[in-house]
Amino acid sequence: MEQVVKDGLNFILGAVSAIKTETESAISKFNTEFQSLAAKGAQDQSETSVNLRKYLQEGLTQLEALAGKVNSTVEETKQKVASVTSKA
């Protein structure tokens, strides 16, 4: 019985080690492929790519502006609630 427990534990340790190795390998391969594709995309200066980058940047700028407005509104609301709460 003791040998079965040891074998089971060794199996689990081996499986964990194999999974860890495969996961690290997969992450490394993904990062390499990602960088390769990003470099290829950066070199693409076609009209479609240029326009897509332009519109994406404009969209991000608008989202940042909207987030700033939301944050300002939330802060103003917090201050109003705090002043009302302190008066009550």
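Remarks
- Test for K80: is it of a type in the set (K, R), in a helix (DSSP H, G or I), at negative phi and more than 27 Å from the chain's Cα centre (by Cα): yes
- Any hit, the stretch 24-40, residues being of a type in the set (K, R), more than 21 Å from the chain's Cα centre (by Cα) and open to solvent by 100 Å² or more (accessible area, probe 1.4 Å): yes
The values are calculated or read from the model by the stated rules, or taken from the named source; none is laboratory data. The structure displayed is predicted, hence computed values, not measured ones. These accessible areas exclude ligands, DNA and RNA; they are computed on the full protein's heavy atoms, side chains included. Shrake-Rupley method; radii C 1.70, N 1.55, O 1.52, S 1.80 Å.
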